[in-house]
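Worksheet for the structure shown next.
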Amino acid sequence: MIWNIKHLEPKMLRKHLFSKAYITSTAAIASLMLAACASTPPPNTQITAAESAIAHAEQAQVADYSSPELVEARKDLAAAKAEIANKNMTTAARLAQKAELNADLAAAKAAAVKAKTVNDEMKKSTTVIKQEMQRNTGVQ
């Protein structure tokens, strides 16, 4: 049924315009329009987390182990900042998270290399101590 509003009586027109379905649908359309116009906020938390992770990786002397992950993290962080300048907040957030993960990976790999180095040194020391014990046992 098509309503011709011009032919409605004023009382019926008021009833039609303020019906529950009309108000609900108008409110839904208005909220959708506002949501579409709203911009995504800058990913400050992700950027800060990525910067912190890179700083932590640098303090862990990851550069000593020539980590490609740390280089990648720095590139991703720079790209994230560029995306913020270009108002691409979703892409910026993704790049910042990727930078943080790469920096964390670089720090973890550096820790593993350091642990392996310490372990190798301990094995050498243990071997030397065993040799000394065998030599001393044979002398007595």
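The values are calculated or read from the model by the stated rules, or taken from the named source; none is laboratory data. Every value quoted in this text rests on a predicted model; they were computed, and no experiment measured them. When we count neighbours, we look across all protein chains shown, and the Cβ atoms used for this are built from the backbone with ideal geometry, even at glycine.
Where the second residue is assigned to a helix (DSSP H, G or I) and surrounded by 15 or more Cβ atoms within 10 Å (Cβ to Cβ) and the first is in the same structural domain as ALA108 (by TED's automatic domain parsing) and at positive phi and lies in segment 41-63, which pairs have Cβ atoms under 8 Å and are six or more apart or on separate chains?
The qualifying pairs are GLN61/ALA110.
Take the residues in segment 81-140 that are within 20 Å of GLN59 (Cα to Cα) and of a type in the set (Asp, Glu), then tell me which one is nearest to the chain's Cα centre (by Cα).
GLU100
Which of the residues spanning segment 82-140 are within 15 Å of SER67 (Cβ to Cβ), charged (D, E, K, R) and modelled with pLDDT under 90?
Correct list: LYS109, LYS114.
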